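Below is one structure, written out as structure tokens; the observations come after it.
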Amino acid sequence: MKRKLLLLTAILSLASHASAAKPPNIVLIISDDQSWTDYSFMGHEAIETPNIDRLAKQSRLFKRGYVPSSLCCPSLASMITGLYPHQTKITGNEPPMPPGGRNSEQYREQVQECVSFIDDQPTLPRLLAKRGYVSHQSGKWWQGHYSRGGFTHGMTHGDTKRGGRHGDVGLKIGREGMDEIFDFIEDAGDKPFFIWYAPFLPHTPHNPPKPLLDKYAKKTESKFIARYWAMCEWFDETCGQLLDHLDEKKLADDTIVLYATDNGWIQRADNGRYAPRSKRSQYDGGLRTPIMVRWPNKVKPEDRPELANSIDLAPTILKACGLAPTKEMQGIDLLDDTALAKRKSTYGAIYLHNAVDIHKPSANLTYRWLINGDWKLILPHKENVTTKAKHRDTGETELYNLAKDPHERNNLAKARQGRTKRLAKQLNKLLPE
């Protein structure tokens, strides 16, 4: 009996120690306006990204990752909430533009209302706070003051009258050093921390350091492409600074690092803008991103063939930290092999940059898309596509075999009508218009 009591005491002690163990730190790195092809580990012929390559090699890597929408504000909101844009009502970057324009009181009131949508959402910082996490926001944000997302610390002041919705002071991170993040890590002490590192990189303005620009100017005749390529490496350098800091502080083994891009960008050769079929589009040039999860000694580094979606980041983080995802979250835990094996599809939607009705997501819809295996279906919301969208299209249904046609040039919808109908039925069930 005495031996049994000792054994029970030991088991209870171990269980108590496990429950009291400090959960892992979380660092979420988010690239801004970068194509899924524009890394050396993804096969780009010119761009060099040694630090992100290193992260990819150390991670569970999903090369077939996606964001639910190819515009920064709804994409970032999905990452911080684990919810689709139609769930949060955060579908575009801007509210309807009133006759008085941006300087009108009506516009400012609508912006404030848009920002308020985040207030009641179960964001990662709010949920992680239940386990004692402190959290830091830097870079692109869109949702006003950092505290509106539940962050305990941050850089964005959120004064919408002074342009505070987009990111304001937070946009300096990376471009002007990493001190704010390094100071936050130091001040966190023994508390677990969550870092939102979403620098304004490689986003415009494309004004890279001169040595990087000179390097890439030798690789292309287009000054616009050279600037963009240099920006990609500049972003990579900042990622290296962050990862090296975790190593120097002996925090890397206790920190989960995740990576995704908010939306794609295909640089035009003739000007500084993005090409069609990238940002704001329904194509992989706007939607696709590598997604990574690095957790040393806990997660085996490997390339995974399954589909992933940035909607999965929140449930993956929460489960790793001993918390349950909310019932509204429709993503999966990317560290759960059983859940990955069951996944056959992923989907999302594209919305107008300026909303028609901020309270009705369907009023702002332009396209819905679904990927099932190698097949991708695109369904247009014809009214908005042909009359309200900036890049007006014919509104045709599209079907592509991504394995054979990764850049979506050969529309097979008419040739494969049976498959088109089956996938449309599936998409209509998952995400009705």
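We did not get these values from a lab; they are worked out from the coordinates using the rules stated. These figures come from a predicted structure and were not determined experimentally. Note: ideal-geometry Cβ built from the backbone for every residue, glycine included; neighbour counts use all protein chains shown.
Using a basic spin-label model with each label point 7 Å from the Cα along Cα→Cβ, how many nm lie between LYS404 and HIS353?
Modelled inter-label distance: 3.6 nm.
Contact order normalised by length for region 23-344, with contacts defined as Cα pairs under 8 Å and 6 or more residues apart; what percent is it?
Relative contact order, region 23-344: 31 percent.
For Cα extents along the principal axes in Å, several values are listed as (i) 80, 53, 48; (ii) 90, 59, 48; (iii) 81, 54, 52; flag the one computed from this structure.
Read-out taken from this structure: (i).
Arrange the following residues from fewest to most other Cβ atoms within 10 Å of their Cβ: ILE225, ILE90, ILE26.
Ordered by Cβ neighbours within 10 Å, fewest first: ILE225, ILE26, ILE90.
Rounded to the nearest 5, what is the percent of antiparallel bridges among the DSSP beta bridges in the chain?
50
Going Cα to Cα from LYS130, which lysines come in below 16 Å? Please leave out same-chain ones fewer than 8 positions away.
Filter leaves LYS22, LYS191, LYS319.
Once you put a point 7 Å from the Cα of ASP253 and another 7 Å from the Cα of ARG54, both along the Cβ direction, what distance in nm separates them?
Using points 7 Å along Cα→Cβ, the separation is 1.8 nm.
Please compute the length gained on full extension between ALA217 and THR338, using 0.36 nm multiplied by the number of residues separating them and subtracting their Cα-Cα distance.
Going from the current span to full extension adds 38.9 nm.
Using Cβ contacts closer than 10 Å as the measure, can you line up SER75, SER345, SER70 from fewest to most?
SER345, SER75, SER70
Note down the nm distance, to one decimal, between modelled labels 7 Å out along Cα→Cβ at LYS360 and at LYS319.
It works out to 3.8 nm between the two label points.
Per residue of region 339-345, what does 6.51 cos²θ - 1.76 cosθ + 1.60 with θ = phi - 60° give for ³J(HN,Hα)? Whole Hz please, x for Gly and Pro, Karplus curve as stated.
5, 5, 5, 7, 6, 10, 9
Working out 0.36 nm times the residue gap between ASN428 and HIS245, then minus their Cα-Cα distance, what length gain in nm do you get to one decimal?
61.3 nm
Using 0.36 nm per residue, how much length does the chain from GLN106 to GLN417 gain when fully extended, once their Cα-Cα distance is taken away?
My answer for the length gained is 107.3 nm.
Who wins for biggest fluctuation among SER278, SER116, SER31 in a Gaussian network model of the chain, springs between alpha carbons below 10 Å?
Checking each option, the largest mean-square fluctuation is seen for SER116.
Filter the cross-link list LYS172/LYS215; LYS223/LYS382; LYS300/LYS404 down to pairs whose alpha-carbon distance in this structure exceeds 27 Å.
As for pairs spanning more than 27 Å Cα to Cα, those are LYS223/LYS382; LYS300/LYS404.
Can you tell me which aspartates and glutamates have their Cα less than 13 Å from the Cα of LYS219? Leave out same-chain residues fewer than eight positions away.
Of all the aspartates and glutamates, those that pass the test against LYS219 - Cα under 13 Å, at least 8 places apart if same chain - are GLU45, GLU48.
From the backbone phi of region 267-283, what are the Karplus-calculated ³J(HN,Hα) couplings (6.51 cos²θ - 1.76 cosθ + 1.60, θ = phi - 60°) in whole Hz, Gly and Pro given as x?
6, 6, 7, 9, 7, x, 8, 8, 7, x, 6, 10, 3, 6, 9, 8, 9
So what is the 222 nm mean residue ellipticity for the chain from helices alone, if each DSSP H run of at least 4 adds -39500 (n - 2.57) and you divide by all residues, rounding to the nearest 500 deg cm²/dmol?
Counting only the DSSP helices, I get -9500 deg cm²/dmol.
For each of GLU113, GLU302, GLU94, count neighbouring Cβ atoms within 10 Å of the residue's Cβ, then give the residues from fewest to most.
The fewest-first ordering by Cβ neighbours comes to GLU302, GLU113, GLU94.
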